[in-house]
1. Taking the condition open to solvent by less than 40 Å² (accessible area, probe 1.4 Å) and under 23 Å from PRO131 (Cα atoms), does GLY175 pass?
2. Is it true that some residue in the range 36-58 is open to solvent by 40 Å² or more (accessible area, probe 1.4 Å), modelled with pLDDT of 95 or more and under 30 Å from LEU135 (Cβ atoms)?
3. Out of the residues in the range 119-162 that are among the β-branched types (Val, Ile, Thr) and either modelled with pLDDT of 90 or more or open to solvent by 40 Å² or more (accessible area, probe 1.4 Å) (or both), which is nearest to ILE178 (Cα to Cα)?
4. Considering the range 32-91 alone, what residues qualify as being in a loop (DSSP other than H, G, I, E, B) and among the hydrophobic types (A, V, I, L, M, F, W, C)?
Amino acid sequence: FPTRRSSDLELTANSSGAHMLAFFFATQLTPTAYATAQPVWHRPGGLVAAPFSVQLSGSASRGEIPPYSLAQRDIAGAELSLAWRPAAPVQLALRWGSFGARWPDGTQMIGPGDLHLSTQARLVKSVGRAPDLWLAWDLKLPNAAQPLGTDEADTQISLWARKSAESWTAEFGAGLWIAGHPHQLAAQDDALVMRGRASRATGPGFLLLSGDLRLRSARNPTSAQAGLGWEQAVADRVNIGASVDLGLSPAAPDQSLRLWVALVPGPSGT
């Protein structure tokens, strides 16, 4: 039988070790690459690409007319958002924060906001150029004291069409907004809502676009706004972002500014 020199054995061992090391890094980086392949952009109704992510955001808006109100308010606050995808076709999310509001007559109020819960499930997986179809359900619980909240549980159910490629994603959703009146138990309001989300990889980060429309209903006016944002990674599993929204109707905030930091835990949960 042929004999191997010690140098050959060392070379083989080193080669095997290098292969094992490459395999180890590949297995560790694959979930991270999947998680950071798209921006971690927690928006109502949006889908987050990461298996699990946490986002802390601060926001300020001017000139908003909330549902069932005639008076404008300025509002600022901080929110914590969690999104979890236990499997590719399912997403669970929650959002909660604390806010301070100021009205034109000088009234001010600070307190916790409403808790928002949402679930999404993919109904149809895309074939060819067709988009994925998702069913989404959102619930606003009556946690916030009036007038920061309406003291009513509101819900939305919507159908989303989603398409993605290597450098971009696009989402469009349409559904029904069902909101309770804060003072009249039988005065429920229903309105058609439409939302659009898009992101595109550009340079070191992602360009973000958004649009939200709630059509005029029996008890609330039309609310429409459009937004432009940017998000990029600044460290391993850490993204930062900012967006500016402009109101397109009197009920929507005249201007809104939002800043956020998003965390994507690694495979070990750290």
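The values are calculated or read from the model by the stated rules, or taken from the named source; none is laboratory data. What you see is a predicted model; the values in this text were computed from it and never measured. Positions of Cβ are backbone-derived with ideal geometry, glycine not excepted, and every protein chain shown enters the neighbour counts. Only protein heavy atoms, including side chains, enter the accessible area calculation; ligands, DNA and RNA are left aside. Shrake-Rupley method; radii C 1.70, N 1.55, O 1.52, S 1.80 Å.
1. For GLY175, the condition - open to solvent by less than 40 Å² (accessible area, probe 1.4 Å) and under 23 Å from PRO131 (Cα atoms) - is met.
2. Within the range 36-58 (the criterion being open to solvent by 40 Å² or more (accessible area, probe 1.4 Å), modelled with pLDDT of 95 or more and under 30 Å from LEU135 (Cβ atoms)), the answer is yes, since at least one residue qualifies.
3. Of all residues in the range 119-162, those among the β-branched types (Val, Ile, Thr) come to 119, 124, 127, 150, 155, 157.
Keeping just the survivors that are either modelled with pLDDT of 90 or more or open to solvent by 40 Å² or more (accessible area, probe 1.4 Å) (or both) gives 119, 124, 127, 155, 157.
Working: THR119: 16, VAL124: 25, VAL127: 33, THR155: 5, ILE157: 9 Å.
Per the criteria, the residue is THR155.
4. Answer for the range 32-91, where residues must be in a loop (DSSP other than H, G, I, E, B) and among the hydrophobic types (A, V, I, L, M, F, W, C): ALA37, VAL40, TRP41, LEU47, VAL48, ALA49, ALA50, ILE65, LEU70, ALA71, ALA88.
Here's the yes/no breakdown for (1) under 21 Å from ASP212 (Cα atoms); (2) among the acidic types (Asp, Glu); (3) without any contact (Cβ under 8 Å) to a residue 24 or more places away in the chain:
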site	(1), (2), (3)
GLY128	no, no, yes
GLY149	yes, no, no
ALA153	yes, no, no
ILE157	yes, no, yes
LYS163	yes, no, no
TRP168	yes, no, no
PHE172	yes, no, no
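So that you can scan it fast, the table gives a plain yes or no per residue for (1) surrounded by fewer than 17 Cβ atoms within 10 Å (Cβ to Cβ); (2) in contact with a Ser or Thr (Cβ under 8 Å, 6 or more places away or on another chain):
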| residue | (1), (2) |
| --- | --- |
| SER164 | no, no |
| THR169 | no, yes |
| GLN184 | yes, no |
| LEU209 | yes, yes |
| ARG219 | yes, no |
| THR222 | yes, yes |
| ALA226 | yes, yes |
| GLY241 | no, no |
| TRP260 | no, yes |
